[in-house]
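Novice: Pasting in a structure now, in structure tokens, and then I'll have a few things to ask.
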Amino acid sequence: MARFIYLKAVDEEDESGEVYTNLGIIAEKLDDSATAHGLLKKAIEKSVGNPYVHNNMGEYYLSAGDYDSAIKEFNEALKINPRMVEALVNSAIAYTHVKLFNEAEDNYKKALASDPSFPETYFNYGVFLSDHREQNEEALAFFNKFIVLKGKEISDKHRVYRYIEQVNQKKIEKTGDKEPEQ
């Protein structure tokens, strides 16, 4: 239905970058990668100065595994809006994939400073701290902050709980203690 509404907007000559980026996101969700890429490129052409169109293209590249292109697009978004928390977190994720861990951590810290209430920063930074810095206590604190910020928006099946279990298991293995009885 959303796709139909945006196509209708294009038919009525609303060819803004926002319309094309939303069509691109919809196409990607419908697993139409080629169409999504074309629409996202058109969004950038129509709205070069809009950081969200660059962030959305970066997310497309990130999900496709093209981390260098993703970083380029997130950096374009950040040139326009250096405090754009979504682009900071997304670029940190992409930097992690290409093993640029210091850049990733810098962007997580900038994201926390930019918007300390953005839950995704805490989740992704927690994963980073656990997987790449072996800072399990800090990771747990970030996961717990994520849970608090998300509140009722997450279910008990959310992947944050699997990460908490993994971190707790790492702590047990590191100390050689037995798992606590329940």
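Novice: With in contact with a Leu (Cβ under 9 Å, 6 or more places away or on another chain), surrounded by 13 or more Cβ atoms within 10 Å (Cβ to Cβ) and modelled with pLDDT of 80 or more as the only criterion, which of Asn56, Asn75, Asn50 stands out?
Specialist: Asn56
Novice: Now for a separate question. Assess whether Lys152 counts as being surrounded by fewer than 15 Cβ atoms within 10 Å (Cβ to Cβ), among the charged types (D, E, K, R) and in a loop (DSSP other than H, G, I, E, B). Give the steps one after another, and end with the answer.
Specialist: Numbers: surrounded by fewer than 15 Cβ atoms within 10 Å (Cβ to Cβ): yes; among the charged types (D, E, K, R): yes; in a loop (DSSP other than H, G, I, E, B): no.
Judged against the criteria, Lys152 is not a match.
Novice: Just give me the residues in the stretch 23-37 being touching a residue at least 12 places away in the same chain (Cβ under 8 Å) and either surrounded by fewer than 20 Cβ atoms within 10 Å (Cβ to Cβ) or aliphatic (A, V, I, L, M) (or both), in sequence order.
Specialist: Those that are touching a residue at least 12 places away in the same chain (Cβ under 8 Å) and either surrounded by fewer than 20 Cβ atoms within 10 Å (Cβ to Cβ) or aliphatic (A, V, I, L, M) (or both): Leu23, Ile25, Ile26, Ala27, Leu30, Ser33, Ala36, His37.
Novice: Might you check whether a residue that is outside any helix (DSSP H, G or I), out of contact with any helix residue (DSSP H, G or I) (no Cβ under 7 Å at 6 or more places or on another chain) and of a type outside the set (Val, Ile, Thr) occurs anywhere in the stretch 163-176?
Specialist: yes
Novice: Identify all residues within the stretch 95-114 that are surrounded by 14 or more Cβ atoms within 10 Å (Cβ to Cβ) and β-branched (Val, Ile, Thr); write none if there are none.
Specialist: Thr96 - this is the single residue of the stretch 95-114 that is surrounded by 14 or more Cβ atoms within 10 Å (Cβ to Cβ) and β-branched (Val, Ile, Thr).
One line per residue, one yes/no per condition, for (1) modelled with pLDDT under 95; (2) under 30 Å from His54 (Cα atoms):
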| site | (1), (2) |
| --- | --- |
| His97 | no, yes |
| Ala113 | no, yes |
| Glu120 | no, yes |
| Asn124 | no, yes |
| Phe128 | no, yes |
| Ala141 | no, no |
| Phe146 | no, yes |
| Asn168 | yes, no |
| Lys171 | yes, no |
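The values are calculated or read from the model by the stated rules, or taken from the named source; none is laboratory data. Owing to the predicted nature of the structure, the values given are computational and were not obtained by experimental measurement. For neighbour counting, all protein chains shown are included, and Cβ atoms are generated from backbone atoms with ideal geometry for every residue, glycine included.
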